[in-house]
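A short write-up of the structure that comes next.
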Amino acid sequence: MKIYMAPLEGITIYTYRNAFREFFTGIDTYFTPFIAAEGSLKMKTREKKDILPENNENIHLIPQIISNNADNFIRFAKLISERGYDEININLGCPSGTVVAKHKGAGFLGEPKLLDEFLYAVFSALPDMKISIKTRLGMTDEDEIYEILDIYNKYPLSELIVHPRIRSDYYSGSPRMDKFTYIYENASCPLCYNGDIRTFADYEKIEERYPKLSAVMLGRGLIRNPALPEAIVKRRELLPDRDSLRSYHDKLYSEYKQSMPNEKVLIFKLKEVWAYMLDLFDDDGTYLRLFKQSDTLSQYNVFVNRIFRECSFR
């Protein structure tokens, strides 16, 4: 079973992917955070940088596009193809309020007729490109997946990646596994599971219940513990070596600092990663307070030095 790194907006950009790959192993395929296919004729500079081959050496990368307009999607897919990519992923799962308000991401799931028309146009115009979908079960009701899966099964998807929650769940509550079982039994293409895999034991339960999955996708659990993919490969619980984790952090810090000269932006970006990774440490609240109070780089560096020097892993 293959292991994918999930696309987390603002986090799993090329700098993160390269730092991860330098110090950790286990990922077969990486996905970009979504590229917004708008009415413009060009991608944004940061989106172009994220998919540049020279920024993703020795990485199997699949760009992800978000759109509800077939013409825009097709144009951006061709721009991506010109950069050497033969596969793209459609984002039909993002639950963000600003995205859903535009009827994109998970918001598109609430309009099955329009979704069907969109997919028909996309697959008709891109017959030589492999196209996968990352989806949720629906917008407001898990039973929406019955009609949605019927639509997906009409098209030659290279893979269907399912986060078994509805949009209104966001990331809370338990994944709706009964509905994932329905998809597992009825999907006509290879299937990948995504959602709440934080430990090897979590992965093992999925593998045992769904042995014919093509892949699993790791998101928040991987950001929390970057040794998680290696743990799955080696089939045992595994935490990162403290020195490797520190070196990995320092690489991220250095890469982010080069591309983000604004101190506040840099700290915000680093805090996005620590919001997950802090859970790896056995903190009584002391380091969380230091983390929250880190408004300058000097304060941030005090937090980092202390937590790596003083705090054990859970």
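The values are calculated or read from the model by the stated rules, or taken from the named source; none is laboratory data. For clarity, every value in this text was computed on a predicted model and none was experimentally measured. Using ideal geometry, Cβ is built from the backbone for each residue, glycine included, and neighbour counts are taken over all protein chains shown. With ligands, DNA and RNA removed, areas are computed over all heavy atoms of the protein, side chains included. Shrake-Rupley method; radii C 1.70, N 1.55, O 1.52, S 1.80 Å.
What separates the Cα centres of the range 197-211 and the range 109-170 is a distance of 24 Å. For the range 273-314, the spread of Cα positions along the three principal axes, ordered from largest to smallest, is 27, 19, 16 Å.
By the rule of a C-alpha distance below 25 Å, with chain neighbours fewer than 8 residues away ignored, the lysines paired with Lys212 are Lys2, Lys130, Lys134, Lys154, Lys179, Lys234. Other residues whose C-beta falls under 11 angstrom from the C-beta of Val100 contribute a net charge of +4, scoring Lys and Arg +1 and Asp and Glu -1. Put simply, the range 85-176 fits an ellipsoid with semi-axes of 22, 13, 13 Å; these come from the alpha carbon gyration tensor as the roots of five times its eigenvalues, largest first.
When restricted to Cα atoms, the range 250-305 yields an Rg and a Dmax of 11.1, 34 Å, respectively.
I need to check one value: relative contact order of the range 45-126, counting alpha carbon pairs closer than 8 Å and at least 6 residues apart, in percent.
Worked out over the range 45-126, it gives 28 percent.
If R0 is taken as 25 Å, the Cβ-Cβ distance between Asn58 and Leu288 corresponds to a FRET efficiency of 0.10. Given their separation in residues at 0.36 nm each and the Cα-Cα distance between them, Ser247 and Lys205 gain 11.9 nm when the chain is fully extended.
At 37 °C and 0.692 mPa s, what whole-number value in µm²/s does Stokes-Einstein give for the translational diffusion of the range 161-221, with Rh from the Kirkwood sum over Cα pairs?
275
Across the chain, the volume of the C-alpha convex hull divided among the residues equals 133 Å³ per residue.
Hey, can you rank 101-112, 76-87 by average C-beta count inside 10 Å, highest first?
101-112, 76-87
Distance from the alpha carbon centroid of the range 1-55 to that of the range 249-285 works out to 18 angstrom.
What a 1.4 Å probe finds exposed on the range 246-314 is 50% carbon and sulfur by accessible area, rounded to a whole percent. Counting only protein heavy atoms and a probe of 1.4 Å, the accessible surface of the range 40-80 is 49% carbon and sulfur. Site pair Asp86 and Ala125 shows an inter-label distance of 2.2 nm when each label is modelled 7 Å from Cα along Cα→Cβ.
Just to confirm a number: summing +1 for Lys and Arg and -1 for Asp and Glu over residues other than Gly26 whose beta-carbon lies under 12 angstrom from that of Gly26, what do you get? Net charge around Gly26: +2. For the range 20-78, averaging the sequence separation of C-alpha pairs within contact (under 8 Å, six or more residues apart) and dividing by the residue count gives a relative contact order of 45 percent. Taking other residues whose beta carbon is less than 15 angstrom from the beta carbon of Ala227, and scoring Lys, Arg as +1 and Asp, Glu as -1, yields +3. Rolling a 1.4 Å probe over the protein heavy atoms gives the range 173-314 an accessible area of 49 Å² per residue. In terms of its C-alpha gyration tensor, the range 60-125 comes out oblate, because a/c is 1.5 or above while a/b does not outweigh b/c. Our summary gives the chain a relative contact order of 16 percent, counting only alpha carbon pairs under 8 angstrom and 6 or more residues apart. Applying a DSSP loop filter and a limit of 15 other Cβ atoms within 10 Å to the GluC sites (Glu not before Pro) in the range 225-314 leaves Glu237.
Calculate the tail of P(r) for the range 1-106: the fraction of all Cα-Cα distances greater than 18 Å, expressed in %. Tail of the P(r) past 18 Å holds 47 percent of the pairs. Based on alpha carbons, the Rg and Dmax found for the range 220-314 are 13.5, 42 Å.
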